[in-house]
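Below is one structure, written out as structure tokens; the observations come after it.
The values are calculated or read from the model by the stated rules, or taken from the named source; none is laboratory data. If you're wondering where the values come from, they're calculated on a predicted model, not measured in any experiment. As a convention, Cβ positions derive from the backbone with ideal geometry for all residues, glycine included, and neighbour counts pool all protein chains shown.
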Amino acid sequence: MEEGTKVWVVLMVAGLMVTSIGAVFIIGGNNEPEGPALPEGRDIWLTYRATGDHNGTEINGTYECFINKAPGSGWSAGIGYNFTGNAEDIRPILPKVLTWGSFIDDAEIITEWGVKQVQRCIYGAFDDEYRGLFISYTGAWTNIEYHVNYVAPGSNVTYDLIEIGIEDIESYDLYPARDSELLIEHRHANDHSGTSGPYSYMLIEPRDDEYYRIFINSTNSTIIVMDDENLSDMMNGGEFQFCSEWSVIDGGSTDYIINEGLTFFICFPTISNLSNMHIQVDIDVFER
């Protein structure tokens with residue numbers, strides 16, 4: 001999961017390694033596993049089933065990914081191989097396999113290999129054409145995505161892990177993660193004033209005895225803001241939604257108070273020349 005949510009988390013698109021078939025992402029580590037560690041030094045292949053609706057087209061198909069950890073390095077993931085059905089139609093919006101989004105809560109899910117302990121998290125979908133939200137159910141110790149929902153205007157697609165090249169996968173992710181309380185603490189902001197990157201997201205939540213004043217000013221960019229009600233509804237199967245009063249579409253300013261609950265921000269540029277994009281974000285924390 002991410003290290004903190006007090007500053008904007010920037011997706012460094014220029015740092016991604018891209019192959020002719022699938023995108024390869026370099027991933028950092030998590031806390032030491034309770035139970036067996038994922039095997040290192042070889043490709044571990046995974047198969048996902050994708051189902052749902054994407055811009056009026058029914059999606060039903062599978063695709064493969066791989067993960068690998070070379071000695072002395074972090075995990076990498078290759079995404080999008082050996083498509084079946086019409087899963088290749090959604091290549092731009094395939095989830096990340098290994099991910100650290102913004103932590104929501106701990107959960108249990110039923111998988112092909114029994115009950116797994118997961119951390120539910122959210123992160124932005126930054127494709128220029130298909131922008132939305134990923135809701136990920138990530139293994140508490142492996143960080144493998146067992147189940148993901150993609151929610152965007154006109155789209156609601158589900159991804160389920162159905163095969164993995166590990167013989168004893170039944171013995172993984174049987175215990176809750178140890179870092180959940182720390183991740184909750186990281187949602188609480190301090191006073192902050194600064195600029196944001198072009199592709200970024202942030203999740204914040206006031207403490208019980210605090211409230212936040214948010215000021216955003218943007219040029220050549222869109223900031224979509226989802227409040228607690230929006231997030232809850234989407235995580236329970238609802239359609240894509242956001243708080244229009246708090247969001248900034250194609251540039252402008254906004255100023256508002258957050259009294260309680262989760263608030264999620266996703267930032268997108270509206271121009272190709274990112275040097276002409278600017279976002280100023282101020283968070284002022286007040287005691288009740």
Query - Residues located in segment 252-276, provided they are of a type in the set (A, V, I, L, M, F, W, C), modelled with pLDDT of 90 or more and surrounded by fewer than 16 Cβ atoms within 10 Å (Cβ to Cβ) - result: Ile257
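Here are some residues: Gly80, Gly74, Gly124. Which one is of a type in the set (Gly, Ala, Ser) and closer than 21 Å to Tyr172 by Cα? Please lay out each step first, then the result.
Numbers: Gly80 fails: closer than 21 Å to Tyr172 by Cα; Gly124 fails: closer than 21 Å to Tyr172 by Cα.
Answer to the check: Gly74.
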Report summary line: Log entry, pairs with first residue in segment 247-266 being touching a residue at least 60 places away in the same chain (Cβ under 8 Å), second being surrounded by fewer than 17 Cβ atoms within 10 Å (Cβ to Cβ), beta carbons closer than 8 Å, six or more apart or on different chains, reads Leu262/Asp228; Thr263/Asp228
Query raised in the report: Can Ile90 be described as within 24 Å of Ile224 (Cβ to Cβ) and either of a type in the set (S, T, N, Q) or under 22 Å from the mean Cα position of the chain (by Cα) (or both)?
Result: yes
Query raised in the report: Any idea which of Ile109, Ile104, Ile79 is touching a residue at least 60 places away in the same chain (Cβ under 8 Å) and either assigned by TED's automatic domain parsing to the domain that holds Leu231 or in contact with a strand residue (DSSP E or B) (Cβ under 8 Å, 6 or more places away or on another chain) (or both)?
Result: Ile104
